[in-house]
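First comes the structure, then the notes that go with it.
The values are calculated or read from the model by the stated rules, or taken from the named source; none is laboratory data. Since the structure is predicted, the reported quantities are computational estimates derived from the model, not experimental observations. Virtual Cβ from ideal backbone geometry, glycine too; neighbours counted across all protein chains shown.
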Amino acid sequence: MEAIAFCSRCRGMKIGWNRRYLLHCIRCREWMSASSKLLILTVFLSILIFGFPAPEDLTLTDNPPQQMIQRASLHGPVAAVIDPAVRSIEAFLKGYGVDQSHRGRVAESIVNSGRKHDLDPRLIASIVIVESRANPFAISGRDAVGLMQIHLPTWGRIALRDGINLFKIEDNVDFGTRILKEYIRQSGLWGGVLRYNGWFAKNPESEGSTDQNQEEYLAKVQRIYGLHQDPLASTADLLQ
């Protein structure tokens, strides 16, 4: 025989876990104290929450949330892709003691300018090493500045006109490569290199340099570049 409870509001009901009895326990003050009602309500809600948990399988979809993707990407850093040509020139500069703090930037500038003006980056790097040892703030006694020692009396006005900052690595390398390219077009490869250093066939003394100094300069560039000058060739022959 089942136990029956009676309430003046809810009338008769079966005692146990059934809807009418639970509602009666929650609503009717005359049945029990407020603290008891709160306890019963807590137990009832706990049964609902923990008795029917959401299946974990439902959270696995073909398109995981963005947060999961970001978390997965943190497991390992993505290595930056470095241009092999830049890496090669950077190693070349390192061999000549170029400061690590700006070596990568110089190498990238040399490669970019070489491609832009169709010159061998290794040749540009060789001139940079001979001219300034890749010091962006080098200033010579002949008023030449920067990595490629741009001669201010000759090129300063053009640099100012074109908005070129000769102490900025990228600007100096690109402007110097542009000058070198024009000299090579006019005088050939090694004749252009000689002219870049300030040697002019019509007046070799115009820049205060002797033939011997120019030959030494050319020999340095060629040695670093990896070639050997023909011992029978003179600076005048190269400029003809």
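Scanning the stretch 121-158 for residues that are over 22 Å from PHE92 (Cα atoms) and aromatic (Phe, Trp, Tyr) yields a total of 1. What number goes with the only condition from (1) farther than 26 Å from GLY191 by Cα; (2) modelled with pLDDT of 95 or more that ASP83 does not pass? So the condition that ASP83 fails would be (2). Taking the conditions (1) at pLDDT 95 or above; (2) not assigned by TED's automatic domain parsing to the domain that holds ALA219 in turn, GLN70 satisfies each one other than (1). If I filter the stretch 118-134 for residues that are surrounded by 15 or more Cβ atoms within 10 Å (Cβ to Cβ), among the hydroxyl-bearing types (Ser, Thr, Tyr) and on the phi < 0 side of the Ramachandran plot, do I get at least one hit? Yes, because at least one residue in the stretch 118-134 is surrounded by 15 or more Cβ atoms within 10 Å (Cβ to Cβ), among the hydroxyl-bearing types (Ser, Thr, Tyr) and on the phi < 0 side of the Ramachandran plot. Just a yes or no: is a residue in the stretch 73-82 part of a loop (DSSP other than H, G, I, E, B) and crowded, with 18+ Cβ neighbours inside 10 Å? Looking through the stretch 73-82, none of the residues is part of a loop (DSSP other than H, G, I, E, B) and crowded, with 18+ Cβ neighbours inside 10 Å. Take the conditions (1) farther than 15 Å from PRO84 by Cα; (2) among the β-branched types (Val, Ile, Thr); (3) touching a residue at least 40 places away in the same chain (Cβ under 8 Å); ILE110 misses just one of them, which is (1).
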